[in-house]
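The values are calculated or read from the model by the stated rules, or taken from the named source; none is laboratory data. Because the structure is predicted, anything quoted here is derived from the model rather than measured. Cβ sites come from the backbone with ideal geometry, for glycine too, and all protein chains shown count toward neighbours. Side chains are part of the model used for accessible areas, which takes the heavy atoms of the whole protein and leaves out ligands, DNA and RNA. Shrake-Rupley method; radii C 1.70, N 1.55, O 1.52, S 1.80 Å.
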Amino acid sequence: MLNKVILMGRITADPELKHTPSNVAVCTFSLAVNRRFNRNETDFIDIVTWRQQAEFVSKYFSKGQQMVVVGALQTRTWEDKNGNKRKSVEVVVDEVHFADSKRTAGNTSPREEALPFDFSAGNAFSEIEDEDDGNLPF
């Protein structure tokens, strides 16, 4: 069986970091994702990250940033304080990726300023000379 979700969207509010009673970090937030064939319609998807990834997301991501998440769809059921049965659908994340460059992100937040590399300055990569290497099979 396969349960894999890949989404790209904008974070609707700053991710919220909490800890379970056993001190496990959990971070929740929502992504606004445009529909595939009708860009005027948007779905708001609940996202959950755990442990070190939860701490990473709460530190480096903020409202309005574009991100990509890869994870699995999960449903939960519970009873609210009035005794009504409730159900929620969320994506439990395996991977998170930045989808904005600092250049297109607009105003930088304190979270972005803490990033270890400045990819927009061009100093994170170096140019490779185009050489003909006859030893390569392709």
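One residue stands out among those in the stretch 62-84 that are in a strand (DSSP E or B) and open to solvent by less than 80 Å² (accessible area, probe 1.4 Å): the one that is farthest from ILE47 (Cα to Cα), which is GLN66. Listed by first and then second residue, the pairs linking a residue in the stretch 11-31 that is among the charged types (D, E, K, R) to a residue that is open to solvent by 70 Å² or more (accessible area, probe 1.4 Å), with Cβ atoms under 9 Å apart and 6 or more places separating them unless they lie on different chains, are ASP14/LYS63.
For the stretch 56-92, the set of residues classified as within 17 Å of LEU7 (Cβ to Cβ) and hydroxyl-bearing (Ser, Thr, Tyr) consists of THR75, SER88, listed by residue number. On inspection, ARG10 does not qualify as of a type in the set (D, E, K, R), assigned to a loop (DSSP other than H, G, I, E, B) and open to solvent by 70 Å² or more (accessible area, probe 1.4 Å). Taking every residue in the stretch 55-69 that is in contact (Cβ under 8 Å) with a residue 40 or more places away in the chain and under 24 Å from THR20 (Cβ atoms) and pairing it with any residue that is open to solvent by less than 30 Å² (accessible area, probe 1.4 Å) and part of a loop (DSSP other than H, G, I, E, B), at least 6 positions away or on another chain, the pairs with Cβ-Cβ distances below 7 Å are VAL57/PRO15; SER58/PRO15; PHE61/PRO15; SER62/SER109; MET67/PHE61.
Given the criteria touching a residue at least 40 places away in the same chain (Cβ under 8 Å) and surrounded by 14 or more Cβ atoms within 10 Å (Cβ to Cβ), does SER88 qualify? Considered against the rule, which asks whether it is touching a residue at least 40 places away in the same chain (Cβ under 8 Å) and surrounded by 14 or more Cβ atoms within 10 Å (Cβ to Cβ), SER88 comes out as no.
Here is a yes/no grid of residues against (1) modelled with pLDDT of 95 or more; (2) surrounded by 16 or more Cβ atoms within 10 Å (Cβ to Cβ); (3) outside any strand (DSSP E or B):
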{"site": "ASP14", "(1), (2), (3)": "yes, no, yes"}
{"site": "LEU17", "(1), (2), (3)": "yes, yes, no"}
{"site": "PRO21", "(1), (2), (3)": "yes, no, yes"}
{"site": "THR28", "(1), (2), (3)": "yes, yes, no"}
{"site": "LEU31", "(1), (2), (3)": "yes, yes, no"}
{"site": "ARG36", "(1), (2), (3)": "no, no, yes"}
{"site": "ASN40", "(1), (2), (3)": "no, no, yes"}
{"site": "ILE47", "(1), (2), (3)": "yes, yes, no"}
{"site": "PHE56", "(1), (2), (3)": "yes, no, yes"}
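Tallying residues that are in contact with a Cys (Cβ under 9 Å, 6 or more places away or on another chain) and farther than 12 Å from VAL69 by Cα within the stretch 37-59 yields 5.
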